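What follows is calculated from the coordinates using simple rules that are stated; it is not laboratory data. In this text, all values refer to a predicted model and were calculated from it rather than measured experimentally. A quick note on method: Cβ atoms are made from the backbone with ideal geometry, for glycine too, and the neighbour counts reach across all protein chains shown.
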Amino acid sequence: MIALLAGALLLALAVALFSFWKLPRRSHGKVNYPRSLPSLPVIGSLLHLGSHLPPHLLFCSLQKKYGSLYSLMMGSHYVVIVNNHEHAKEVLLKKGKTFAGRPRTVTSDLLTRDAKDIAFANYSPSWKFHRKLVHSALSMFGEGTIAIEKIISREAASLCRTLSSFQDNPLDMAPELMRAVTNVVCSLCFNTRYSRGDPEFESMLYYSKGIVDTVAKDSLVDIFPWLQIFPNKDLSLLKRCVEVRDNLLQKKLKEHKEAFCGETVNDLMDALLKAKLSTENNNSNISKEVGLSDDHLLMTVGDIFGAGVETTTTVLKWIIAYLLHYPEVQRKIQEELDMKVGLGRHPVISDRRSLPYLEATISEVLRIRPVSPLLIPHVALRDSSIGEYTIPKEARVVINLWSLHHDEKEWADPEVFNPDRFLDEDGNHVHSPSPSYLPFGAGIRVCLGKALAEMELFLFLSWILQRFSFETTEEGALPDLEGEFGVVLQVKKFKVTARLREVWEQMEIST
Ligand code: PLO
């Protein structure tokens, strides 16, 4: 133990010297670094970040003292926090390539076998290749295709049947929503789905929660990697969960490899396998260069799966939580549905244009509770600038989406939930009233699943709200709207009653 402590101390000292050396100074000629929070060797600005507030709110409130663009030291890392849309767009769009890097952290490395995925991997030829591959596979099976609309509708119908079976009893909808969304991604990636109570699905619920609770949330081990040498409950949980996930992914890969004939491509995993085989057969060095190894393939599928499930499920939960708080919004959505779709048929994707109030409600929830309030940090790949400020190479750049979405200069009463702000005067058209709105990020790292997510949110909600009304449970407790910070902004558990609407009871159609 003493040897361990001495080792840690030595390491800390080395880190201290290193961090002090790396700290950009204002004194070099004309360079104009962003204003910085005070920092000390080793611990960086930690003393100024100790707060009861979660990071997105703390970084938002620090603007009062330091302005909208400021910097701080996370241990030995120089971090720039961006809080307004002009600077955010300069980073993501105008200088997208310069800021396309990603930091390596202990937890994200564990999740992605040292960044062999897409979301957390640094900018490189291999990253570009994988992203392109996934993009084309997604457009082949997902996004605008009729196939995906069918899959989502099938899951929406199954979700409605489950809700009916609860017969007005309060329920925690989270696992049901997650199963519906998982089944869409599962159909897309593996051409399979889960029934209620499937043990494989139960294990997925367990591991995914463990990962979301522990990965990439700027925990202390991510700031001070040397802390790994001490026992750490979160890190052990993450390791256990990643192992369960990896076994599952490995099993899927094995099944696919055995069944794959090289011709018929049934799902995204087949598409990736085909790309792997064709680069290998090409006798070129591409597969070595771009790294289409089994690890890459597994981690890429892991990303699509994880991102596809956790984000969409979370948004659905937020929307239901808000509808419970604002029953008048729910009523308006249902009036619009009754008028434009009616009760004689199911909603279809082409109804999107004629249901602007529902679309506006989805947009407003994505504004007020962004899925990923700090996005994933970016890294400057070379010396650059943001606005009038000099940004040194290797600086980490955090886009505080929360600040953009709650900017008082851009949004009237940003704390108020008001879908109408996304509609024009006639209430017909959905548009963002401010450029300070980037729920899916922007630029070369923009969310790959945006189109799929939008389709799912629209179809699931229109199907459910056509026939059910959400009500608070008997005790009348309303869900918490603050959420818990993490790699996604999580909704705290709540129960809800899904009551079959009277109009629907009278005029049942077969599903
Ligand atoms: C969610 C839990 C899964 O078990 C693993 C996983 C993979 C990809 C991650 C996702 C998690 C969270 C949301 C992320 C996504 C990649 C892109 C997406 C971070 C951790 C966002 C919002 O940027």
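Structure notes:
- Under a 5 Å amide H cut-off, with hydrogens placed 1.01 Å from N, residue 390 pairs with 32, 33 among residues at least 5 apart or on other chains.
- Table column - 3J(HN,Hα) (Hz), the range 35-42, Karplus curve with 6.51, -1.76, 1.60, x for Gly and Pro: 4, 10, 5, x, 9, 10, x, 6
- Hull volume in cubic angstrom per residue (convex hull over the Cα atoms of the range 318-433): 143
- Derived scalar couplings ³J(HN,Hα) [the range 77-87; Karplus, 6.51 cos²θ - 1.76 cosθ + 1.60; whole Hz; x for Gly, Pro]: 9, 7, 10, 10, 9, 9, 10, 10, 6, 4, 5
- Amide H within-cut-off set for residue 397, under 5 Å, with H built and near neighbours excluded: 80, 378, 379, 380
- Residues in the range 385-415 that a label on residue 431 would reach, taking backbone N under 18 Å of a point 7 Å out along Cα→Cβ: 410-412
- Expressed in units of 2.2 N^0.38 Å, where N is the residue count, the Cα radius of gyration of the chain is 1.01.
- Diffusion coefficient (Stokes-Einstein, Kirkwood radius over C-alpha pairs, 4 °C, 1.567 mPa s) for the range 290-357: 86 µm²/s, rounded to a whole number.
- Kyte-Doolittle at least -0.5, axis length at least 15 Å by Cα - qualifying DSSP helices, the chain: 2-22, 125-141, 146-165, 174-190, 199-214, 268-281, 294-325, 356-368, 450-467
- Computed [θ] at 222 nm, deg cm²/dmol, the chain (DSSP H ≥ 4; -39,500 (n - 2.57); rounded to nearest 500): -15500 deg cm²/dmol
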